[in-house]
Amino acid sequence: MIRWPQFALPLFLLSGITLNAGEKEPETKSREPFEFPTSAEEARGRARILHETIHGALQVMHRDFFGDDEELNLPSQSLEDVFKELTRSFGVEIRWLGINATKDIDHKPQDDFEKRAAEAILQGAPEYSAVERGKYRHVGMIKIQNECLKCHVPHRTTLEDRYAGLAITIPLQKPES
């Protein structure tokens, strides 16, 4: 099995590039200008695609590349490099939101929107969203599988379901520089 560098797989998956065996790498073309969404409905669709892409990549990395015999970054830590690039390239902000599976202060809800989103997910909502100050904000649920809890909640005393969220913020228009 090929062992990819820690963040190469998610970057490759998100790039949309496909290569057939023996095929040369495609020539680099200049990017078309990025079109910012003009409505919350369009931003919601993009947020859902981003959420499923990152959630799917996270699950695949846990399944295929996280061995018990090796000390590696957690897949969620590797994806943070992808998040930084999405912020730099497109102004899209993404962060993990700890709901009932972390004591890490960096992942705690940071504002009223994130607190409401966390509560909605705890009540069973698969997602929560709002438009605030020219940005579409979306949190999608990530259920933390039982086998993941040994690292994410090592000192747990119950087997209740645990959840995190993926908080995505998309500008509805190009930010002023």
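Worth a mention:
- Which listed residue is at positive phi and of a type in the set (Lys, Arg), from ARG95, ARG137, ARG162, ARG133: ARG133
- Of all the listed residues (LYS103, LYS115, LYS174, LYS150), the sole one being surrounded by fewer than 21 Cβ atoms within 10 Å (Cβ to Cβ), modelled with pLDDT of 95 or more and among the basic types (Lys, Arg) is LYS115.
- Failed item, numbered, when VAL139 is tested on (1) among the β-branched types (Val, Ile, Thr); (2) closer than 25 Å to ALA40 by Cβ; (3) touching a residue at least 60 places away in the same chain (Cβ under 8 Å): (3)
- Filter result for ILE121 (in contact (Cβ under 8 Å) with a residue 24 or more places away in the chain and under 20 Å from MET61 (Cβ atoms)): no
- If only residues of the range 124-136 that are free of Cβ contacts under 8 Å to residues at least 40 places away in the same chain and in contact with a helix residue (DSSP H, G or I) (Cβ under 7 Å, 6 or more places away or on another chain) are counted, the one that is surrounded by the most Cβ atoms within 10 Å (Cβ to Cβ) is TYR128.
- Residues of the range 88-100 that turn out to be over 12 Å from the mean Cα position of the chain (by Cα) and surrounded by fewer than 18 Cβ atoms within 10 Å (Cβ to Cβ), as a count: 5
The values are calculated or read from the model by the stated rules, or taken from the named source; none is laboratory data. Please read all numbers here as calculations on a predicted model, not as lab measurements. Cβ coordinates were reconstructed from backbone atoms using ideal geometry, including for glycine residues, and neighbour counts include every protein chain displayed.
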